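This report concerns only the one structure given below.
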């Protein structure tokens, strides 16, 4: 997935794993269903507060590194354009979870050729200039990307994947290592981070983010059908498939069909918001 998640977990793991594995796994409903009907419950072992705190710290590190390189918010007009889109999208998150309207949302643009964008837990968003420029994004298409990434944060997919890894037993080893086994602990933490975060999102998580993303965009007055155009563009510049960080699962054809169905489903929300 995104490189920042590897660092996030290396920061969060020693603090959260030992504290949470002793507790029973909790089944939670992170979001409301919305018009797209996301109703799946999730099993969590990791505290959302701990993950969000680690995400905030790592976000500041990313911003600091980018600032040092002169790559943070280098073009004010581009930054304002992306932030203007976020100002329309963020108020819509309450349809999925009311508490997210009170998150400390941040939006920044990093100068980089990468086709990349992400939203850390707790609402920390970054767009890379490469994805804006190389794909020649319209505002509707930028909203599709942002809505998709925001959906990952709303659904707490990063927290869920960490919990799934710990449930397999890897986390138990990390607890012992983090308690004082030095380099072994770092190796195991790195292994768990790779298993959980570096690999692309699962098909299920990507599908949830796609569906929630088109609803967020539609409610904000952005054409949800732009998500279809976006993924076609992404496939063209990536040799037939989106880049790994955006996952090769579901397949391009399956994803487009699903987006067509759900964009049609939320069109009344778009028409209402746009008029």
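What distance in nm separates the simple spin-label points at residue 273 and residue 136, each placed 7 Å from Cα in the Cβ direction? For residue 273 paired with residue 136, the spin-label model returns 2.6 nm. Within region 122-154, what residues put their amide N at less than 17 Å from the label point 7 Å along the Cα-to-Cβ vector of residue 75? Within reach of a label on residue 75, which here means backbone N under 17 Å from a point 7 Å along Cα→Cβ, region 122-154 contributes 126-143. Region 22-53 to region 121-137: how many Å between their Cα centroids? Here the answer is 26 Å between Cα centres.
A short reminder: the numbers here are calculations on the coordinates, not readings from a lab. Worth saying up front: this structure is predicted, and the values here are computed from it rather than measured. Backbone-built Cβ (ideal geometry, glycine too); neighbour counts: all protein chains shown.
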